[in-house]
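Below: the structure, in structure tokens.
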Amino acid sequence: MSMLTPPGMGGKYRITGDVYPRMRRPHRRRRIVLASAAAVVVLGAAGWGTLQLVDVFSGDGTRKTTAGKQADCKPAPTPSATAAAKPPKPAQVTVNVYNATPRKGLAKATADELKKRGFAIGKVGNAPAAYDKKVPGAGVLLGAPTATKGAFAVLGTQLAGATTKVDARTTADVDLIIGTAFKNLSPKATADAALVALNKPKPAPARC
């Protein structure tokens with residue numbers, strides 16, 4: 001009987017030889033390698049997908065597209081002085097100043113200030129019955145339909161909040177009817193800046 005045979009056991013349970021049998025576990029190295037490779041692939045795909053999402057939500061693609069479009073856009077040429085109709089100069093606008101308020105001397109004082117600012121002065125006095133004490137705002141600019149093309153804008157730089165209205169006259173003069181809310185003409189510096197801006201042609205939008 002071999003020394004490897006436990007006492008009391010024999011027959012088919014008898015172990016012969018002098019070497020212990022090796023009890024090996026199933027090989028798992030291949031499974032570990034395959035699992036590791038699969039994990040690397042999954043993590044790589046997840047990282048790539050995350051970068052794509054970051055690019056989308058950060059707007060990189062939009063910025064590139066927009067930048068490309070902006071590069072293709074060309075600013076339209078600024079209209080020349082002859083092409084665009086220039087507003088008249090203050091000296092070319094004759095203003096009739098009427099007082100529609102109960103305050104005395106308001107029409108003359110306003111007319112004198114407008115004259116200092118370069119406007120031509122026409123009639124000065126109380127407002128017609130249709131407007132006397134019936135103008136709640138700062139004032140009304142009244143003139144022919146042609147005044148809407150320039151004279152109203154030029155005179156409007158001198159009085160903020162004035163409204164405009166046309167009548168059937170055919171002359172180029174414009175009425176300034178002073179209303180109840182009138183206090184003073186716009187400060188000269190403010191009015192001069194508004195006149196400068198009025199004479200600057202606006203650039204046309206870019207063409208893409």
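The values are calculated or read from the model by the stated rules, or taken from the named source; none is laboratory data. Because the structure is a prediction, the values reported are computed rather than measured. Every residue, glycine as well, gets a Cβ built from its backbone with ideal geometry; the counts of neighbours run over all protein chains shown. The area values use the complete protein model at the heavy-atom level, side chains included, leaving out ligands, DNA and RNA. Shrake-Rupley method; radii C 1.70, N 1.55, O 1.52, S 1.80 Å.
So, of the residues in the stretch 152-173 that are under 17 Å from ALA193 (Cα atoms) and of a type in the set (Val, Ile, Thr), which turns out to be nearest to the chain's Cα centre (by Cα)?
THR157
Taking the stretch 116-172 on its own, how many of its residues are touching a strand residue (DSSP E or B) at 6+ places or on another chain (Cβ under 8 Å), open to solvent by less than 80 Å² (accessible area, probe 1.4 Å) and in contact (Cβ under 8 Å) with a residue 60 or more places away in the chain?
Total meeting the criteria: 2.
Hey, does the stretch 122-136 have a residue that's modelled with pLDDT of 95 or more and under 23 Å from ALA85 (Cα atoms)?
The answer is no, given that none of the residues of the stretch 122-136 is modelled with pLDDT of 95 or more and under 23 Å from ALA85 (Cα atoms).
So which residues in the stretch 101-151 are part of a loop (DSSP other than H, G, I, E, B) and closer than 22 Å to ALA189 by Cβ?
Once the filter is applied, which keeps residues that are part of a loop (DSSP other than H, G, I, E, B) and closer than 22 Å to ALA189 by Cβ, the stretch 101-151 yields ARG117, GLY118, PHE119, ALA138.
Here's the yes/no breakdown for (1) at pLDDT below 95; (2) more than 23 Å from GLY137 (Cβ to Cβ); (3) under 37 Å from the mean Cα position of the chain (by Cα); (4) of a type in the set (Val, Ile, Thr):
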position: CYS73; (1), (2), (3), (4): yes, yes, yes, no
position: ALA76; (1), (2), (3), (4): yes, yes, yes, no
position: ALA84; (1), (2), (3), (4): yes, yes, yes, no
position: THR101; (1), (2), (3), (4): no, no, no, yes
position: LYS108; (1), (2), (3), (4): no, no, no, no
position: ALA111; (1), (2), (3), (4): no, no, no, no
